[in-house]
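Q: Mind having a look at this structure? Questions to follow.
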Amino acid sequence: MGDGRISKDRYFMNIAIEVSRRSTCSRRQIGAIIVSDVGEIKSTGYNGNPRGLPHCDEVGCIRDQLGIPSGTRLETCTAVHAEQNALIQAGTNSRGSTLYSTIVPCPICARMILNAQVARVVYIGSYSDLAGLDLLKQARVEVLRMDPKDFEDKPI
């Protein structure tokens, strides 16, 4: 855009990046937001343990302690994903919305996104398991990967 105004996608992704800074995960900080079809933020979420449990930044990462590689044995981690937290908080306000995430959704999150009837997913970072992306495409959810280089001024 010639006037210096950033696109809505970049604007909302910048917010998702900022949300990721609240993450308590020692491995990877992820942020997600859900935005209605008219551009209203309905919820935000970041990854971390459920309420009432100690966070990894306090007690250490069980996956690191067990030497579990990224993208495998997700059930070992007790954390709730950023997308899941955003969907839980948004409830039925997710219907027809866009979910912005700093990473491509995992297969579990993708299934939740589908059941929440999210219309569009925008993400930046890749992940070792792209089965979630395949599910979203199979269900004809509009998916857009933004170029990570456009966000180099905001480490993710």
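The values are calculated or read from the model by the stated rules, or taken from the named source; none is laboratory data. Everything numeric here is computed off the predicted structure, so don't read it as measured data. As a convention, Cβ positions derive from the backbone with ideal geometry for all residues, glycine included, and neighbour counts pool all protein chains shown. Areas reflect the complete protein model, heavy atoms only, side chains present, ligands, DNA and RNA absent. Shrake-Rupley method; radii C 1.70, N 1.55, O 1.52, S 1.80 Å.
Q: Restricting to segment 1-35, count the residues that are of a type in the set (D, E) and either open to solvent by less than 10 Å² (accessible area, probe 1.4 Å) or closer than 23 Å to A116 by Cβ (or both). Lay out the reasoning, then the answer.
A: From segment 1-35, those of a type in the set (D, E) are 3, 9, 18; that's our starting set.
Still in the list and also either open to solvent by less than 10 Å² (accessible area, probe 1.4 Å) or closer than 23 Å to A116 by Cβ (or both): 9, 18.
Matching residues across segment 1-35 total 2.
Q: Looking at (1) touching a residue at least 40 places away in the same chain (Cβ under 8 Å); (2) open to solvent by less than 20 Å² (accessible area, probe 1.4 Å); (3) in a loop (DSSP other than H, G, I, E, B), which is the one condition that is false for D129?
A: So the condition that D129 fails would be (2).
Q: Would you mention how many residues in segment 65-85 are touching a residue at least 40 places away in the same chain (Cβ under 8 Å), surrounded by 13 or more Cβ atoms within 10 Å (Cβ to Cβ) and not in a helix (DSSP H, G or I)?
A: Within segment 65-85, residues that are touching a residue at least 40 places away in the same chain (Cβ under 8 Å), surrounded by 13 or more Cβ atoms within 10 Å (Cβ to Cβ) and not in a helix (DSSP H, G or I) number 2.
Q: Follow-up question, since we're still on this one. Among the residues of segment 132-152, which ones are closer than 19 Å to S20 by Cα and assigned to a loop (DSSP other than H, G, I, E, B)?
A: If the condition is that a residue be closer than 19 Å to S20 by Cα and assigned to a loop (DSSP other than H, G, I, E, B), then M146, D147, E152 are the ones that fit.
Q: Could you please let me know if A110 is in contact (Cβ under 8 Å) with a residue 12 or more places away in the chain, touching a strand residue (DSSP E or B) at 6+ places or on another chain (Cβ under 9 Å), part of a helix (DSSP H, G or I) and under 19 Å from V19 (Cβ atoms)? Please lay out each step first, then the result.
A: Values: in contact (Cβ under 8 Å) with a residue 12 or more places away in the chain: yes; touching a strand residue (DSSP E or B) at 6+ places or on another chain (Cβ under 9 Å): yes; part of a helix (DSSP H, G or I): yes; under 19 Å from V19 (Cβ atoms): no.
No.
Q: Right, something else. So which residues in segment 37-54 are surrounded by 16 or more Cβ atoms within 10 Å (Cβ to Cβ) and in a loop (DSSP other than H, G, I, E, B)?
A: Of everything in segment 37-54, those that are surrounded by 16 or more Cβ atoms within 10 Å (Cβ to Cβ) and in a loop (DSSP other than H, G, I, E, B) turn out to be N47, N49.
Q: In the set I103, I62, I124, which member is modelled with pLDDT under 90, surrounded by 13 or more Cβ atoms within 10 Å (Cβ to Cβ) and in contact with a Ser or Thr (Cβ under 8 Å, 6 or more places away or on another chain)? Can you show your working first?
A: Details: I103 fails: modelled with pLDDT under 90; I124 fails: modelled with pLDDT under 90.
None of the other options fit; the residue is I62.
Q: Find the residue count for segment 50-64, including only residues that are within 10 Å of T24 (Cα to Cα) and touching a strand residue (DSSP E or B) at 6+ places or on another chain (Cβ under 9 Å).
A: 3
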